[in-house]
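Colleague: I have a structure I would like to understand better, so I am pasting it below and will then ask my questions one at a time.
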Amino acid sequence: MEKSIKKIRYFFTLILAIVCGYFVYMGVVPTGRITYENTFDDENFFIRKLTPAERVQKPADGIQKIVGQPVYFSLYTPRTFDSAVMTFKFRNKTSFPLIEAGILSDKKIWRYRMSPIENKTLDEMSAKWDVSVTGNLSLYQKEKKYASVAEFMAAPPDLSTVAVYNAAFYPDFRMSDYVQSDALETLGSGPLRGDYQFYAYTRNEGLYFSFKIHDLNLNKDEDGIEVIVSSKDNEIKRVTLADDGNREDNGRASVARELDVIIPDLSEGAYKIEFRAGSDIITDQITTVQKKIVFLNKLWLMGDKPTDDLCCDSYRLTAQTANPAALQTILVSDQEAGGNASFRRLKLDETYKQYSLALDGKLKKIHRSLGDVVISGDGLFSFTCDTFFRPVPRKLPDDPASAGGGLRYVLADYRPPAVTPDSWSVASATFDLKNAYRENGKYSLMLSIPGLRDSDDQSDYLEISSIRADLYGTDLMSKLKKIIRL
Amino acid sequence: MTLYRLIIREAFFVVSAAVAVLFVMEAVWPNLVLAYLNLNLILIFWLIIGIVRIITAETDEKK
């Protein structure tokens, strides 16, 4: 009897040990590689459901329909990993021109690093244009001039004929007619809210920027500020300013403070300056010696009755406001039009709604009358047309029709999706997880499908059949060796 | 004590130990267990096996 008891006890204990060992193994992932997959048959702990609920339909037969964009989902990992290859199996019956996946890299400014899933513009181009592939990069040429990507990068053509998509291409940029001056000037005609990025040109005067800011204290988050100066993706200088000390959401605006970024010795060229701050931070004034400054992506303009007009070279201009008092009609005219200008109108009728206008990519003037409006686009913006310059190639526009115009070359890091025999497309995006934002073990990801709106009357959608995450990180042996060496 | 009752008793012990170990693991490393196993199910299983254990023990005492 005693023997039987022992045998049974050992057997049960062994089972418990195996179960616990399995959990620890799956948590530690000693090989450094693991795969999780959500096939939409059931709830998945690792790849969570797509949100918000109003932009998706309930999964049926292992297929999730997305009816609005963007949609978000979390990827839970029991430990940290270095990179993730996210593979999406989808069906784009509506033929949306662009599908991208992104991972949250900076929560303060809510920035996602985007990666292509499907780009119909490039897929269509590849059928008509010449395509050269080197490594991850593909060069699309309307008329073949360059034999390879390397040849193109060594002697790039006029930047106005080039577009890039998901590729880092920073050709040397020099302005022959640039006139340097040490005279300080104030930029723009009104305050800016939140984060922004811009390029500034320097010859021998170095970089000098003085940001006069204040904190609205409308949100509880800490409102530290970081200004990062970089050249060709290489960080040169980082300047920080701590929170004003008021971490409450009491709306007591802080006193004005100044943040100076001064780099006296810099070689001639265009430098990128990234002002990272939450939406509580207002930049009241930017003082600089730089004469050529252009902003990227978006500007949250606060000043009413501006004396300057914005200039931009976007293919698509978008405006939005959350303030009922800022509803207005934004006028867009050609740069050289002068008094005979014919205006195109972008009317903001409702708050929180994005309004957009298709443009031809040539330099345009944007006239607004009220502040508290977010202006964004796929081009560059400047506060006056005199200060506009384009130091980098433009991004490939979303709209296939506008992409053909003056463009002759497209440099892209993109592979078209594979198509399965049952007509599903399969595409992967690789994300660097070391620089991704992780909270409570979760990475935040998104799917962007421009043109897919849940609020319109159209019954368009994107079907997703599975999302797979292949994670790669340090294996246990390497980790132990690293710890021992320390 | 029959083999059946012996197995019930030992199973109750090991499930009790499992509940304790898995809860400690979950407390020390959140989601380590929950990612794969619903701990509520373990608790329900523990409750059932505990009831069976009490019933079988009472039967033994009556005999």
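Colleague: List the aspartates and glutamates whose alpha-carbon lies under 14 Å from that of A:Lys58, not counting same-chain residues fewer than 8 positions away?
Modeller: Correct list for A:Lys58: A:Asp41, A:Asp42, A:Glu43, A:Glu463.
Colleague: Continuing with the same structure: Output the relative contact order of chain A, whole-number percent, from Cα pairs under 8 angstrom with separation of 6+ residues.
Modeller: Contact order relative to length: 29 percent.
Colleague: Decide, for the protein assembly as shown, between rounded, prolate and oblate: order the square roots of the alpha carbon gyration tensor eigenvalues as a ≥ b ≥ c, take rounded if a/c falls under 1.5, and otherwise choose prolate if a/b is larger than b/c, else oblate.
Modeller: In terms of gyration-tensor shape, prolate.
Colleague: Next question, about the same structure. Between the alpha-carbon centers of chain B and the range A:272-314, tell me the distance in whole angstrom.
Modeller: 64 Å
Colleague: What percent do you get for the relative contact order of the range A:305-380 when only Cα pairs under 8 Å and 6+ apart count?
Modeller: Computed value for the range A:305-380: 52 percent relative contact order.
Colleague: Any chance you could list P(r) for the range B:3-62, counting all Cα-Cα pairs in 10 angstrom bins from zero, rounded to whole %?
Modeller: 23, 43, 23, 10, 1
Colleague: Sticking with this structure for a sec: Which listed residue (A:Val229, A:Leu370, A:Met114) has the Cα farthest towards the positive end of the charge dipole for the protein assembly as shown, taking +1 on Lys and Arg C-beta and -1 on Asp and Glu C-beta about the Cα centre?
Modeller: A:Met114
Colleague: In addition: About its Cα centre, how strong a charge dipole does chain A have in debye, to the nearest 20, once Lys and Arg get +1 and Asp and Glu get -1 at the Cβ?
Modeller: Charge dipole, chain A, about its Cα centre: 1660 debye, nearest 20.
Colleague: Okay, next question. Along the charge dipole of the protein assembly as shown, which of B:Phe45, A:Leu301, A:Thr474 sits closest to the positive end, that is, farthest toward it, with unit charges on the beta carbon of Lys, Arg, Asp and Glu (+1, +1, -1, -1)?
Modeller: Highest projection toward the positive end goes to B:Phe45.
Colleague: Using alpha carbon coordinates only, what is the Rg to Rh ratio of the range A:193-268, with Rh defined as the Kirkwood radius?
Modeller: So for the range A:193-268, dividing Rg by the Kirkwood Rh gives 1.05.
Colleague: Let me ask something else about it. Have a look at the range A:111-220 and give its Rg and Dmax from the Cα atoms, expressed in angstrom.
Modeller: 20.3, 56
Colleague: Another question about this same structure. Using only alpha carbon positions, build the gyration tensor of the range A:1-126, then give the equivalent ellipsoid semi-axes as the square roots of 5 times its eigenvalues, largest first, whole angstrom.
Modeller: 43, 18, 14
Colleague: So, one more: Placing unit charges on C-beta atoms (Lys and Arg positive, Asp and Glu negative, everything else neutral), compute the dipole magnitude of the range A:216-285 about its Cα centre in debye, rounded to 20.
Modeller: The dipole of the range A:216-285 has a size of about 80 debye.
Colleague: Please work through the protein assembly as shown and write down the cysteines that have no neighbouring cysteine Cβ at a distance under 4.7 Å.
Modeller: A:Cys20, A:Cys312 - these cysteines have no disulfide-compatible partner (Cβ-Cβ under 4.7 Å) in the protein assembly as shown.
Colleague: If you line up the long axis of helix A:2-28 against the longest principal axis of chain A, both from Cα atoms, how many degrees apart are they, to the nearest 10?
Modeller: 10 degrees
No lab work stands behind these numbers, since they all come straight from the coordinates. Keep in mind that what you see is a predicted model, and the values were worked out from it rather than measured. Heads up, the Cβs are rebuilt from the backbone with ideal geometry, glycines too, and the neighbour counts pull from every protein chain shown.
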